[in-house]
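Okay, structure first, notes after.
The values are calculated or read from the model by the stated rules, or taken from the named source; none is laboratory data. Here the structure is a predicted model, which means the values were calculated and not measured. Here the Cβ positions follow ideal geometry from the backbone for every residue, glycine too, while neighbour counts run over all protein chains shown. Protein only, heavy atoms only, side chains kept; ligands, DNA and RNA dropped before computing areas. Shrake-Rupley method; radii C 1.70, N 1.55, O 1.52, S 1.80 Å.
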Amino acid sequence: MGEKIAASHGLVVTQAKDITQDSLELTADVVVIGSGAGGAVAAYELAKAGKSVIVLEAGPYVPSSEFTEDFAKAMDHLYQDKGAQANKDGDLLVLQGRCVGGSTVVNGCVAFRTPDFILADWQKKFGLTNLTVEALDPYFSKVENNLGIHVNEEHEINRNSSVIRDGCQKLGISWKPFKRNIRECALTGHCLSGCATDRKQSMLVTYLPWAVQKGAKVYADTKVTQVLAEKGQVTGVVAEVIDPATGLKKAGVVVKAKVVIMAAGAVQTPLLLQKSKLANSSGQVGKNFACHPSLMVVAEYADDIHPWRGALLGVYVDEWAHPDKGGFILEAGGAGPVELSAVTQPGIGKPFVDYMGSLKKHAGIVTLIHDHNVGEIHWDDDKKRIDYSLATQDFPAMKAAIKAAAKVHFAAGAKKVHVPTVQHSVIEKPEDIDRVVDAIVNDPMTFRMVSYHPQGTCRMGADAGKSVVNPLGETHDVKNLFITDASLFPTSIIVNPQVTVYTLSSYISDNIVKNSGKHFA
């Protein structure tokens with residue numbers, strides 16, 4: 001096998017084109033499935049501790065030097081199912097990165113710590129008494145330092161965000177600047193297409209290169225098809241190297257390992273466990289799916305906004321964040337013409353041309369709700385299926401978030417607000433907000449929903465009968481099989497999840513190292 005070195009960030013990756021054999025047999029202390037937030041952190045922490053580590057990534061290796069800042073092309077090259085992964089109803093896109101570095105390569109850089117009230121809920125309802133604010137603080141701090149997480153400075157708040165801030169100030173509601181994992185932001189606004197300047201501190205340019213420097217081996221184009229176990233103990237994985245040009249299998253791979261870490265994401269991790277017929281004595285694998293179904297509430301202003309210029313995300317509204325106050329947050333989110341043409345579709349012909357012609361005067365607010373874990377991920381005739389519909393108990397929060405976003409827009413001086421429903425409608429003045437939004441009915445294909453935050457399908461908990469992994473991230477049923485991605489969240493966390501994943505992965509990895517005698521005997 002050959003190896004390719006990307007000069008831009010020194011990452012050594014073995015790709016399908018480097019492999020000449022038709023079968024590979026590898027051995028390591030640890031095999032990590034997935035190279036995103038949960039996988040990359042675990043790979044680095046365990047390699048740093050002196051363990052031999054192999055990382056297997058199903059997606060391609062795309063160095064940042066090849067990012068085009070073209071969102072349509074990015075969807076094709078960097079996203080799961082070319083950006084078309086959706087629920088069974090077809091009204092929710094579930095967007096995940098599928099490349100070396102995972103979703104961290106294509107997210108918006110937003111960096112929240114897990115809210116204290118979420119951790120308190122996990123402790124009370126799921127027996128996770130170890131996950132206290134105090135216990136996790138050093139792990140949060142380490143991640144924040146490693147990834148340059150900082151509060152947006154004034155120059156990082158673009159026109160889209162500044163008008164939303166103005167609206168909040170006029171209404172007297174709470175807003176805050178985001179924290180983001182970025183160093184010296186180039187302010188190009190193309191976060192969702194990959195950061196061509198390497199300013200975004202994704203796993204592609206941080207933890208993965210650090211892991212490689214410590215001896216970890218990264219394989220791209222390598223899809224794990226089965227996790228292996230004997231007598232309740234994990235023994236390794238089976239995988240296939242897929243030629244990305246043809247979609248055909250190029251080589252079979254078997255990796256023998258003492259520890260297996262699953263970090264393929266909240267959709268792929270449960271599907272792999274189900275296919276492997278492992279770790280599901282509770283019947284909870286694939287259950288409890290949540291995703292923060294998001295809407296973009298777009299409004300037209302009299303003056304130019306140019307929402308695609310500057311930092312993508314500048315400020316957020318936390319007035320209603322706590323479940324007792326509404327259970328949603330609003331994020332001032334810019335977007336490019338491709339995204340804006342998709343999230344608000346006023347029709348065809350002249351209405352569409354008029355809308356596109358006025359895009360420079362539009363500003364966007366993204367809604368995030370604290371949704372209940374009502375979804376399920378499973379196989380249906382050997383096809384992936386995401387069963388998720390907006391729950392009846394979540395519908396009021398969704399409508400309240402739309403109303404709040406519209407009020408902020410109008411307070412900021414918007415001329416009209418587009419309602420993010422499939423059947424296009426417009427709110428022309430503030431006094432019409434309640435009437436228009438209250439008329440929305442919670443049926444399939446009502447909203448144009450998008451999720452970047454799938455979570456919850458391999459729930460963590462102290463009770464083995466009601467959860468998949470224990471409080472230290474190890475599956476209840478299979479020893480030395482760990483999960484470090486967002487699938488282990490007991491509930492949705494209301495905020496962008498990447499920092500929670502980094503932190504829990506760091507915490508779980510640290511405990512694996514502390515118990516090396518047990519796990520690597």
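Observations
- The chain: relative contact order in percent, alpha carbon pairs under 8 Å with at least 6 residues between: 23 percent
- Förster radius 51 Å - calculated FRET efficiency between residue 303 and residue 248, Cβ distance, rounded to 0.05: 0.45
- Direction-averaged projected area, Cα convex hull, the chain: 22.6 nm², rounded to one decimal.
- Accessible surface area normalised per residue over the chain is 38 Å², counting heavy atoms of protein chains with a 1.4 Å rolling probe.
- At 1.002 mPa s and 20 °C, Stokes diffusion of the range 1-105 via Kirkwood alpha-carbon radius, µm² per second: 139 µm²/s
- Along the axis of the charge dipole computed for the chain (Cβ charges of +1 for Lys and Arg, -1 for Asp and Glu, origin at the Cα centre), the listed residues 391, 285, 85 are led at the positive end by 285.
- Shape of the range 128-213, Cα gyration tensor, a/c cut at 1.5: oblate
- Extension gain (nm, one decimal) between residue 25 and residue 154, 0.36 nm per residue minus Cα-Cα: 41.2 nm
- Per-residue SASA remark: residue 450, around 40 Å² accessible (1.4 Å probe; ligands, DNA and RNA not included).
- C-alpha center-to-center spacing [the range 452-521, the range 213-232] in angstrom: 17 Å
- Spin-label model, residue 426 to residue 322: label points 7 Å out along the Cα-to-beta-carbon direction sit 3.9 nm apart.
- Centroid-to-centroid separation of the range 79-154 and the range 395-432 [C-alpha atoms, Å]: 27 Å
- In this Cβ point-charge picture (+1 for Lys and Arg, -1 for Asp and Glu), the chain has a dipole of about 600 debye about its Cα centre.
- Average Cα contact separation per residue, the range 165-278, under 8 Å, 6 or more apart, as relative contact order %: 16 percent
- In this structure, residue 70 and residue 416 have a Cβ-Cβ separation that, at R0 = 25 Å, corresponds to a calculated FRET efficiency of about 0.25.
- Lys pairs under 25 Å by Cα in the range 354-461, provided they are eight or more residues apart or on distinct chains: 23
- C-alpha long axis of helix 116-126 to longest principal axis of the chain, angle in °: 50 degrees
- In summary, the lysines within cross-link reach of residue 51, defined as a Cα separation below 26 angstrom excluding same-chain residues under 8 places away, comprise 4, 142, 214, 217, 223, 231, 256, 258, 479, 514, 518.
- Accessible carbon and sulfur surface of the chain relative to its total accessible area, %, 1.4 Å: 51 percent
- The C-alpha atoms of the chain define a longest principal axis, and helix 395-411 lies at about 50 degrees to it.
- Label point distance in nm, residue 17-residue 439, each placed 7 Å from Cα along Cα→Cβ: 5.5 nm
- Working ranking of peptides 188-195, 511-518, 209-216, 454-461 by packing, defined as the average number of other Cβ atoms within 10 Å per residue, highest first, is 454-461, 188-195, 209-216, 511-518.
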